[in-house]
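Here the structure comes first, spelled out in structure tokens, and everything after it is commentary.
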Amino acid sequence: MTNIKTYSFLFLLLISINVTYGQWPMSNDDTFSSEVKEPTYEKEKGPKILLDGAHHNFFIQWNFIKPFADLAKADGYQTIVDSIEFTLEYLKHFDIVMIITALPFDFTSKNEVTDESTFSKEEINSLYDWVNEGGSLLVFSEHAPFDQAINPLLNKFGITSSIGYTIDTAYFDKKIGRPGWIEFSTTNGLLNSEHPIILGGKPTELVTRVLTFGGSGLSGEGYSNLLKLPATSQNVVHATGVGPIGRGNSQGLAGTIGKGKVVAFGDSNGFTAMIFDSEDGSKQAAGLNLEEYDWKQFVLNTLHWLSGKLE
């Protein structure tokens, strides 16, 4: 626990130093290949994905969403970044809405969400009605303060995020050595091998191993638990001093609301392809570019399930 808390503190310290110069201690991996050998849809003819940019979305503001957008486009999806508040009529233009790293203020400008609202009640109700009528929502919690910011929206869909930082001292990648980086695999039993998102549509699309990168724990009745947090997992205080509140039993949930679908994750880095700069000068891949894990196929399978290609 000491190592991960120290790493988190140093990471945030790097952010606080580098943000002054418009830089971050991570960057997109330019070597990541977004190629899809057999695209699901014809180029620019697939379902439309709204990448929400209306809520101080950190990954959108700094274009850390680019590797995901490139991958989705390579599979035929249409991705649109927009900064318009949610209304039912507006949301009807899209098939999938992706909400990632949303906040009521710019990241690092404050450590904790208190009385601010990330989404208005009208926006949350519009989003719920849109899903209920057949829309598909892809939504992410994260470590503090993102967990506090997204909880009111998640609660509307029957999901709760823990507040703080999730680690596990048993099921983490021992080679990388960070207890917050939790391994979910068919071998350790933490992947839900019965769900279409894990199985894919054919044997080559099977997901056998993914790694999360901290974030939060989720809980939600009536949802399939894709990424099952083990009994050894812990929700600890985040380096900003926030938490721990709650725990959660999952870092990935999938389910239906009315005619629509919801997939929620407690960590968002698997949908990026980042290179992290460590304090010792070394670099660490995280996300789609971590080749020994199946994040690329997992992301594609998630989109396929949300768009009705996997049942």
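Can you give the translational diffusion coefficient of the stretch 159-311 in µm²/s, computed by Stokes-Einstein from the Kirkwood radius over Cα pairs at 4 °C and 1.567 mPa s?
82 µm²/s
Let me know the whole percent of all Cα-Cα pairs from the stretch 91-184 that are separated by more than 19 Å.
I get 50 percent for the Cα pairs in the stretch 91-184 exceeding 19 Å.
Given only helices, namely DSSP H runs of n ≥ 4 each adding -39500 (n - 2.57), what is the per-residue ellipticity at 222 nm of the chain, to the nearest 500 deg cm²/dmol?
Taken over the chain, the calculation gives -6500 deg cm²/dmol.
With an 8 Å cut-off on Cα pairs and a minimum separation of 6 or more residues, tell me the relative contact order of the chain in percent. Kindly include the intermediate steps, with their values, before the conclusion.
Values: 713 pairs, mean separation 60.8, N = 311.
So the answer I get is 20 percent.
log₁₀ I(q)/I(0) of the chain at q = 0.07, 0.10, 0.13 Å⁻¹, via Debye over equal Cα point scatterers, no solvent, to two decimals?
Debye curve over Cα of the chain, log10 I(q)/I(0) at q = 0.07, 0.10, 0.13 Å⁻¹: -0.24, -0.50, -0.89.
Please give the direction-averaged projected area of the C-alpha convex hull for the stretch 247-311, in square nanometres with one decimal.
Seen from a random direction, the Cα hull of the stretch 247-311 projects 6.2 nm² on average.
Got a number for carbon plus sulfur as a percent of the chain's accessible area, 1.4 Å probe?
Reported share for carbon and sulfur atoms: 48 percent.
Could you work out the relative contact order of the stretch 154-311, using alpha carbon pairs under 8 angstrom and six or more residues apart, expressed as a whole percent?
Reported relative contact order: 24 percent.
Relative contact order for the stretch 190-230: what is it in percent, counting Cα pairs under 8 Å that are at least 6 residues apart?
Relative contact order for the stretch 190-230 comes out at 54 percent.
Calculate the all-directions average of the projected area of the stretch 39-103's alpha-carbon convex hull, and give it in nm².
4.1 nm²
Using r as the Cβ-Cβ distance of S278 and T108, and R0 as 25 Å, what FRET efficiency do you calculate, to the nearest 0.05?
Numbers: r = 19 Å, r/R0 = 0.76.
E between S278 and T108, to the nearest 0.05, is 0.85.
Counting only heavy atoms of protein chains, what accessible area per residue, in Å², does the chain have with a probe of 1.4 Å?
42 Å²
The values are calculated or read from the model by the stated rules, or taken from the named source; none is laboratory data. Here the structure is a predicted model, which means the values were calculated and not measured. Neighbour counts run over all protein chains shown; Cβ positions are idealised from the backbone, glycine included. Surface areas here come from the heavy atoms of the whole protein model, side chains and all, with no ligands, DNA or RNA. Shrake-Rupley method; radii C 1.70, N 1.55, O 1.52, S 1.80 Å.
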